Structures are given as C-alpha cells and as structure tokens.
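Q: Quick one: this structure, given as structure tokens, is what I'll be asking you about.
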Amino acid sequence: MVTPFFVIIVSIQIKIMNHPNPTLDQDQLASWMKQVKVTAAEAADFIRTELYKVKQEQIITKELNSLVSYVDKTAEEMIVKRLSEVLPAAGFITEEDTEDQTDSELIWIIDPLDGTSNFLHKIPHFAVSIALRYQGEMILGVVYDVMRSECFSAIKGQGAYMNGTKIKVSAVPELSEAMMATGFPYASSYDFKPLVDTLQYWFQHARGLRRFGAAALDLCFVAAGRIDAYYESKLHIWDIAAGVLIVEEAGGVVSDYFGGDTHKGGTQIVATNANLHDKVVAVLSQNFTQDTV
Ligand code: IPD
Ligand code: CA
Ligand code: CA
C-alpha cells in the first residue's frame, strides 16, 4: 500500500522536474500569467476604442515609414503601470521608452501596439505583446490580437495556448504545401535584391505568401498552425520576445536566417513548424549573407 508520505515525496519531485528553472515557483508564474493577460486585454480595449479617433496631426514619423501615435504611448504607460505593481523588482525594455530600466534579473519586454501601420490605416490586424525574461531566458509570453480578442500565451515548459485551448504548429512537410509569411524592412538604403530573389523562390515553390504587418501575430500564427513558416529581418526584441516562446512551446523551431541563435537579440528571425526549418534556412542562406540580412 502507498503511504501518504510517499505520495507527497513523488508529487514534489515531479513539480521540480517539470519546472524550467527550480528557483521560480509554478504558482507564482501562473499568477503572473493571469495578471499579464488582464493587462494585455485592458490595453487592447483602449487601443480598440481609439481605432477611428486618431487624427492625422497626432501621427508622428519616428523614421521612414515607422509611425507612432498617442495610442502606442498611452497603451504602454497603462501596461508599465500595471506590471510595476505585479512585479515591483522587474525592469523593462519597451518600444516607446516610457520606461527603461534593464538592471534586473527579471525584465518585461513590451510592444504595446505591434502593427502600428495597420492600426493607423484601420486595417484590423495588430496586437499587444508582453514577455517576461528571467536571467536572459524568456519564461512567459502573451500576445493579444486586439480585433479578434485572441489571446496567445505560453509559460516556458508548459505548452502554448490560445484563449485557453492548447495550440500546436502545423505538420506540413514540404515547401510546396507551405503557407509562408514575411515582413519587409523600412530602410531606404537596404539592398532589396536578396529579399526579392527569396520572394521569387516562394512564388515558384511555396503554396502562398502573406505580409500581415504584425510580427508578434506572424509568430502566433505559426504557433497555431495557420501559417507554416515566417521570416523577417530588421526587427527589434519587443516585436518577437513573446512570440518566440509561444512558437517554441507550440512545437515550432526558431533561429536566425542561417540556423544560428542570434535571433535572441531580436533583429532577424525564422520561425517554422519544425519540419520545414532546414528547408527554409537553406533558401535564406543561399540568398542572404550576414551583411545583406
Ligand atoms: C512592426 C510590425 C511589422 C514589422 C516591422 C515592425 P510596429 O512593428 O511588427 O510587421 O514588419 O518590422 O517594426 O512598429 O508596428 O510595432
Ligand atoms: Ca512591433
Ligand atoms: Ca509597436
């Protein structure tokens, strides 16, 4: 007969073995996740109500084709305020620089509105992205699709979810059956030849190609099996921090254009359903060099 003492020992061991980092408590992570979801949904509510209100004179051009308005800034302030209460010890990396405190083991990485160009053109495809990094590793990510109210989330080691339902990447085995997605850099000085050659390759060898305009959602669409592979360069850490964890937890693979791990810095990324990863990396490596990514 199993004694109650034995049962207790076994359950503690399983808890530690399943844990990505034994120093972080599962209940604590679950509680943070709950609060991050509420925070993202609140910011999304605000963004949604402003969709038809932004006036032309309220739009600022940060750099070529990179736009911002009070909506991005206010959403970020709302998120930062909430998360500072959730976890006072944590620092922040945020796109709109309303808070910049990176001297902590725990860092929130926030894009308050990913897909600003879509938002300002009233194209209903944009999201709130929030990730939590602990000692350099992403441990929690939430991407909230503002207009569809789809909340994608993942805690390291616990799978990926959309509105509470587990999601996983597609099983598509060949490029000929693959729906691809990408994004285009804004820089006017960029050498577009490798990019155009790569597009031509997909036109001839893949099933289709989409440019949705919100990197965080591109990654979640890979995680949910809606698209099979996504790649883009000239990104920032806040575009992909949450989405990368969600893809990995959904069984996908993420790397830079050459199969390495420089994507962790946030500038170039390939995310696939795993089956296609080597094939996509082979095409990108053939067309791009480190200097032309
Ligand atoms: C942009 C979007 C877009 C990508 C750009 C990003 P923003 O983020 O994710 O899809 O192509 O590179 O900068 O500026 O809308 O937060
Ligand atoms: Ca972004
Ligand atoms: Ca943004």
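The values are calculated or read from the model by the stated rules, or taken from the named source; none is laboratory data. Being a predicted model, the structure only gives us computed values, none of them experimental. Don't worry about glycine lacking a Cβ; one is built from the backbone with ideal geometry, like all the others, and counts go over all protein chains shown. The accessibility values were calculated without ligands, DNA or RNA, using every heavy atom of the protein model including side chains. Shrake-Rupley method; radii C 1.70, N 1.55, O 1.52, S 1.80 Å.
Q: Could you please let me know if residue 186 is outside the structural domain of residue 128 (by TED's automatic domain parsing) and in contact with a strand residue (DSSP E or B) (Cβ under 7 Å, 6 or more places away or on another chain)? Talk me through it step by step, then tell me what you get.
A: Working: outside the structural domain of residue 128 (by TED's automatic domain parsing): yes; in contact with a strand residue (DSSP E or B) (Cβ under 7 Å, 6 or more places away or on another chain): yes.
Taking the combined requirement at face value, the residue satisfies it.
Q: Considering only region 223-233, I want to know if a residue exists there that is farther than 19 Å from residue 153 by Cα, in a loop (DSSP other than H, G, I, E, B) and touching a His at 6+ places or on another chain (Cβ under 8 Å).
A: Within region 223-233 (the criterion being farther than 19 Å from residue 153 by Cα, in a loop (DSSP other than H, G, I, E, B) and touching a His at 6+ places or on another chain (Cβ under 8 Å)), the answer is no, since none of the residues qualifies.
Q: Let me ask something additional. Can you tell me which residue among 242, 271 is part of a helix (DSSP H, G or I) and within 15 Å of ligand 1 (Cβ to nearest atom)? Break it down stepwise before answering.
A: Details: 271 fails: part of a helix (DSSP H, G or I).
The match here is 242.
Q: Restricting the search to region 223-270, which residues are within 16 Å of ligand 3 (Cβ to nearest atom), touching a residue at least 60 places away in the same chain (Cβ under 8 Å) and open to solvent by 10 Å² or more (accessible area, probe 1.4 Å)?
A: Within region 223-270, 236, 237, 238, 239 qualify.
Q: Next question, about the same structure. Restricting region 209-222 to residues that are near ligand 1 (Cβ under 10 Å from one of its atoms) and not in a helix (DSSP H, G or I), which is surrounded by the most Cβ atoms within 10 Å (Cβ to Cβ)?
A: 214
Q: Another question, if that's okay. Would you check which residues across region 173-224 are of a type in the set (S, T, N, Q) and either within 19 Å of the chain's Cα centre (by Cα) or within 20 Å of residue 126 (Cα to Cα) (or both) and list them?
A: Start the filter on region 173-224 by keeping residues that are of a type in the set (S, T, N, Q), which leaves 176, 182, 188-189, 198, 200, 204.
Result: 182, single match.
Q: Another question, if that's okay. Here is a list of conditions, (1) open to solvent by 10 Å² or more (accessible area, probe 1.4 Å); (2) farther than 18 Å from residue 215 by Cα; (3) in contact with a strand residue (DSSP E or B) (Cβ under 8 Å, 6 or more places away or on another chain), and residue 67 meets all of them except one; can you say which number that is?
A: It fails just one condition, (2).
Q: Identify all residues within region 135-162 that are among the polar types (S, T, N, Q) and buried (at least 21 other Cβ atoms within 10 Å of the Cβ); write none if there are none.
A: Pass one, region 135-162, residues among the polar types (S, T, N, Q): 135, 149, 153, 158.
Across region 135-162, the qualifying residue is only 153.
Q: Can I ask one more? Considering region 197-215 alone, what residues qualify as being within 16 Å of ligand 2 (Cβ to nearest atom) and among the basic types (Lys, Arg)?
A: Answer for region 197-215, where residues must be within 16 Å of ligand 2 (Cβ to nearest atom) and among the basic types (Lys, Arg): just 211.
Q: Does residue 132 satisfy the condition of being open to solvent by less than 50 Å² (accessible area, probe 1.4 Å), out of contact with any Gly (no Cβ under 9 Å at 6 or more places or on another chain) and in a strand (DSSP E or B)?
A: Working: open to solvent by less than 50 Å² (accessible area, probe 1.4 Å): yes; out of contact with any Gly (no Cβ under 9 Å at 6 or more places or on another chain): no; in a strand (DSSP E or B): yes.
Criteria not met by residue 132.
Q: Right, something else. In region 151-181, which residues are farther than 12 Å from residue 243 by Cα and β-branched (Val, Ile, Thr)?
A: Selection gives 165, 167, 169, 172.
Q: Of all residues in region 89-126 being of a type in the set (S, T, N, Q), out of contact with any helix residue (DSSP H, G or I) (no Cβ under 9 Å at 6 or more places or on another chain) and over 21 Å from residue 218 (Cα atoms), which is least open to solvent (accessible area, probe 1.4 Å)?
A: Kept after step one, since they are of a type in the set (S, T, N, Q), are these residues of region 89-126: 94, 98, 101-102, 104, 116-118.
With out of contact with any helix residue (DSSP H, G or I) (no Cβ under 9 Å at 6 or more places or on another chain) added as a condition, the list becomes 101-102, 104, 117-118.
Those left that are additionally over 21 Å from residue 218 (Cα atoms): 101-102, 104.
Values: 101: 69, 102: 78, 104: 37 Å².
Among them, the one singled out is 104.
Q: Does any residue of region 165-175 turn out to be at pLDDT 95 or above and farther than 24 Å from residue 208 by Cα? Give the steps one after another, and end with the answer.
A: The first filter runs over region 165-175 and keeps only residues at pLDDT 95 or above, leaving 165-175.
When the remaining residues are screened for being farther than 24 Å from residue 208 by Cα, the result is 165-166.
Yes, some residue in region 165-175 is at pLDDT 95 or above and farther than 24 Å from residue 208 by Cα.
Q: Is there any pair linking a residue in region 63-78 that is more than 11 Å from ligand 3 (Cβ to nearest atom) and assigned to a helix (DSSP H, G or I) to one that is at pLDDT 95 or above and among the small types (Gly, Ala, Ser), with Cβ under 8 Å and at least six apart or on different chains, and which?
A: 78/43
Q: Taking the stated definitions as given, is residue 166 within 14 Å of ligand 3 (Cβ to nearest atom), without any contact (Cβ under 8 Å) to a residue 12 or more places away in the chain and part of a strand (DSSP E or B)? Explain how you work it out, then say what you get.
A: Values: within 14 Å of ligand 3 (Cβ to nearest atom): no; without any contact (Cβ under 8 Å) to a residue 12 or more places away in the chain: yes; part of a strand (DSSP E or B): yes.
Judged against the criteria, residue 166 is not a match.
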